[in-house]
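Only one structure is covered here, and it is reproduced in the block below.
Please treat every number below as a calculation from the coordinates, not as lab data. This is a predicted model, so every value here is computed, not measured. Cβ coordinates were reconstructed from backbone atoms using ideal geometry, including for glycine residues, and neighbour counts include every protein chain displayed.
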Amino acid sequence: MLRLHSPLGRLMSPMHGRPLSSDLLLACLLLSFSACSPDTSESPAPAAPTTAAGSAAPEQGPPVELQVLDYQGIEDLIASHRGKLVVLDAWATSCPPCVKEFPNLVKLHERYGPENLACISVSFDNDGIASLDEAKATVLGFLKSQRATFDNVIGSEPSDELLKKFGIYAVPAVYVYDRQGELRKRFDNSTGEEFTYSDVEALLVRMMNEGDASQDETPAEADAASEVSSPVEQSDAPPVPVD
């Protein structure tokens, strides 16, 4: 029979003062090894991906940003996009129709921008009661969920004052500007006529086609078109009265 060369082999039975059997010694050794082995029943969760510097990996694509501007700053932002068509969406997170249609503004940006079209969202969430920082956090969270990577603004002025300067009494409203920065059309519900972004896109397509046609015209053709478009100025006849 093999003998175990271990200090445990010299242990004596406490009851009889005789050496412990080899089978009992082997059992003791196995118990001691199992008690010292590490617990591998659970493995640690994998760490989040990091960059070489050890910081968290950045999101893919352009960042979603939100700037605070007053009415004059918004007008200056529109003017900075001269040479492009501009769509400005006046909205608020508390406005269900605004939230419903907002993804269509993102689609316009993806379809036509940024070379031909500049999209601007102006949030009216600053009610002048809650803090501006709270409103910014709410708006920015929504914008990130929509991946709105174009110009995003929240008014620095309370929303009721900003509404007056925009000439509307409520949101939603969409403003479309031509390449010279002139307002071509305002879509809003003040007249009782509802609109969707299908109406906005239809106008944009017509304006883009107008721009393509004007670029193909020669100066002589442009002058001729201007003369034909203003026949009243060429006539000295008095206007015909309307009954």
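Quick notes
- Scoring 129-142, 112-125 by mean Cβ neighbours within 10 Å over their residues and listing the highest first yields 112-125, 129-142.
- Once both labels are positioned 7 Å from their Cα atoms along Cα-to-Cβ, the gap between Asp160 and Lys100 label points is 2.7 nm.
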